[in-house]
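The values are calculated or read from the model by the stated rules, or taken from the named source; none is laboratory data. Computed from a predicted structure; not experimentally measured. Here the Cβ positions follow ideal geometry from the backbone for every residue, glycine too, while neighbour counts run over all protein chains shown. We work out accessible area using only protein heavy atoms, side chains counted, and drop any ligands, DNA or RNA first. Shrake-Rupley method; radii C 1.70, N 1.55, O 1.52, S 1.80 Å.
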Amino acid sequence: MTAVVEREIAAQPQHVEAVLADAWLWAGWVVGATHIRDVDQSWPEVGAKLHHRVGSWPLTIQDYTQVTARTPARLMVLRVRAWPVGEGEVRLELTELPGGTGIVMREKPTAGPARLIPGVLINW
């Protein structure tokens, strides 16, 4: 069960990478993220964590997202946690195009109750 979203944007991969590298901006564009609490100084290097709050008030969860793999301006793989709901893996793949960048985001639940979500809802 993997949700896949594909987009093309009129920005070069290094500019997209700059947005990914500024974890303080993530709450502005990551669905469900409501607040960034802290960011490791080594972000976006492998092992670095972004500490966030997800959900809608008053039902918010504090947890973190960790970089598990990265190739600058090409790939970022994240372990996303929101316990007790569960955790998942998010892969952001960037491809240079003549007019900008192709972005493919693959998201799948990997642990906890989130793994029980039917595939039809994940790809909704």
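Quick notes on this one:
- Number of positions in region 38-47 that are surrounded by fewer than 17 Cβ atoms within 10 Å (Cβ to Cβ) and either over 11 Å from Trp24 (Cα atoms) or touching a residue at least 24 places away in the same chain (Cβ under 8 Å) (or both): 5
- Filtered by the rule that a residue be assigned to a strand (DSSP E or B) and in contact with a Phe, Trp or Tyr (Cβ under 7 Å, 6 or more places away or on another chain), region 1-47 gives Ala33, Ile36, Val39.
- Only one of the listed residues (Val67, Val90, Val77) is of a type in the set (Val, Ile, Thr), in contact with a Ser or Thr (Cβ under 7 Å, 6 or more places away or on another chain) and either open to solvent by 80 Å² or more (accessible area, probe 1.4 Å) or part of a strand (DSSP E or B) (or both). That residue is Val77.
- Region 8-37: number of residues that are polar (S, T, N, Q) and open to solvent by less than 60 Å² (accessible area, probe 1.4 Å): 1
- Only one of the numbered conditions (1) at negative phi; (2) at pLDDT 95 or above is not met by Gly47, and that is (1).
- Residue count for region 97-116, restricted to those that are over 14 Å from His15 (Cβ atoms), open to solvent by less than 50 Å² (accessible area, probe 1.4 Å) and part of a strand (DSSP E or B): 3
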